[in-house]
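For reference, the structure discussed in these notes is given below.
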Amino acid sequence: MSQGKRYSDEFLNAFVDNQLASEEKSRAFVEISQDENLNRQVCELRKMHDLVQHAYRVPPAPPASTNTARGRRRISPRFGVAASVLLLLGIAVGREVRLPISDLQPPLAEVKTTGNAMTAIRGSGATASPASVNVQTAKQPSVLIHVTDNDTSRLNQTLDDIESLLAYYHSAHQEARVEVVLNGRGLGLVRADQSKFARRIAHLQNKYKNLTFAACQNTIDRLKREQGIVVRLLPGVTVIDSGMAEIMRRQDQGWAYLQV
Amino acid sequence: MKTMDILDFFLRTREAQRALQQARSRLYRVAYAWCHSAALADDLVQETLTKALQKSSQLRDPKARDAWLFTILANCYRDHFRRSRDMDDIDELELSLEATPETESSRAEIVTKVRAAIGRLPQGQRQVVTLVDLEGFSYIEVAQILDVPIGTVMSRLCRARNAMKEILLPEFQNNPEGATAGIRRIK
């Protein structure tokens, strides 16, 4: 029997929606990456999330007539301008008399409100009991993190997650291998001329010897071919032939795969 | 008022216009996902924006504007069903759609199938799953928008996704092309 039932469905949904506190998420990463059943469940939940987004990306246009089904008139552009001014004034007045946010919102407890970062897509690590994660695992934990986005806040969150993950393994006296594969826009994280995280990456590389940043040669070539950009990478960043090929290789080797 | 203040005022007004326009399309998308009727969704958004303007002084924190607008939308939607179906509990209401996954199975149209699957969810579940997945609201924000406990949000989301999995996963397991589409998109 898998340890899949160790986590409730609600917990797995919260994991997929990035609603867990950082430490709790790190713990979940470890166990999910090593349990095929949990991985499959997370993958399916993530797929549902993506399908909903896809289904309503372009909703049907509203009816063209000026009168809607219930006879209400549309807001005219002139009214829109006046309305915007009123809204702005309302916000300004509201600011003057606002209460502290803590008075308006209940405590968050263990639920976090901020955006989203990593999503477990697929992993095929060996199934292991929770106890084996902490002490004696025959197999070295291995996680590939695939970065395709160059959004600063998301990258910052990703580095937080990577650091939490490595710190967790370190505290459990395990040497996890973490490989961060960067292609497409994700390459910006390790471009010397673009990265806002050069010092932080250097710090992580010094602190964790099993952490690798791998840049996709195909993306580097494409930037040169299409935009004439000669990419310079941060120190210590390795180059792989193809991000996609690396992902396939690592998955064949049983690495967990997390996409950002 | 100094010149810079006036300039700042008009810049912020333009910003407010842009924010309102962006909010409009986002409100419409979610409203459509809730009711699957373009005309009703448009009506609800009109009503939402009108009420937002009337109540704009209630908005204490501009950063909370999105959640505040969607709270008004949820209230408008609830009011709409109270007016038209006094006896129905909208949390349990399902949309009566002509298109269901079964009738659409002959068409390889993912969007139609997913919308049909969402249309079969009880209204309360549909609202939660669309607020989380389309707008990226946190669970606590969704609880505030719909005025329900956070535990209810989590259980509704859980039931919604499980129901969707039951309906949709067999479709995609029978469609290998769909299963590999994500990998092709990466590069």
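Worth pointing out:
- The listed residues are A:ALA245, A:ALA214, A:ALA192, A:ALA256, and the only one of them that is of a type in the set (Gly, Ala, Ser), away from chain B (no Cβ under 14 Å) and within 23 Å of A:CYS43 (Cα to Cα) turns out to be A:ALA256.
- Sole residue being loosely packed, with under 15 Cβ neighbours inside 10 Å and under 18 Å from A:ILE240 (Cβ atoms), chosen from A:ARG199, A:ARG177, A:ARG191, A:ARG185: A:ARG185
- A:ARG57 vs. criteria basic (Lys, Arg), in a loop (DSSP other than H, G, I, E, B) and at pLDDT 50 or above: yes
- A:ARG250 vs. criteria in contact with a helix residue (DSSP H, G or I) (Cβ under 7 Å, 6 or more places away or on another chain), in contact (Cβ under 8 Å) with a residue 40 or more places away in the chain and in a helix (DSSP H, G or I): no
- Of all residues in segment A:38-60, those satisfying the criterion of being more than 7 Å from every other protein chain (Cβ to nearest Cβ) and closer than 21 Å to B:LEU44 by Cα are A:ARG57, A:VAL58.
- Which listed residue is touching a residue at least 40 places away in the same chain (Cβ under 8 Å) and small (Gly, Ala, Ser), from A:GLY188, A:GLY243: A:GLY243
- Qualifying residue in segment A:215-234 (condition: closer than 23 Å to A:SER33 by Cβ and either among the hydroxyl-bearing types (Ser, Thr, Tyr) or under 17 Å from the mean Cα position of the chain (by Cα) (or both)): no
- Among the residues of segment A:216-244, those that are surrounded by fewer than 14 Cβ atoms within 10 Å (Cβ to Cβ) and over 26 Å from A:ARG199 (Cβ atoms) comprise A:ASP221, A:LYS224, A:ARG225, A:GLU226, A:GLN227, A:GLY228, A:ASP241.
- When we screen B:THR103, B:THR112 for residues that are at pLDDT 70 or above, over 11 Å from the mean Cα position of the chain (by Cα), more than 7 Å from chain A (Cβ to nearest Cβ) and surrounded by fewer than 18 Cβ atoms within 10 Å (Cβ to Cβ), the only hit is B:THR112.
- Residue match in segment A:199-217 (condition: touching a Lys or Arg at 6+ places or on another chain (Cβ under 7 Å) and either among the charged types (D, E, K, R) or part of a helix (DSSP H, G or I) (or both)): no
The values are calculated or read from the model by the stated rules, or taken from the named source; none is laboratory data. From a predicted model like this one, the values you see are computed outputs, not experimental measurements. Cβ coordinates were reconstructed from backbone atoms using ideal geometry, including for glycine residues, and neighbour counts include every protein chain displayed.
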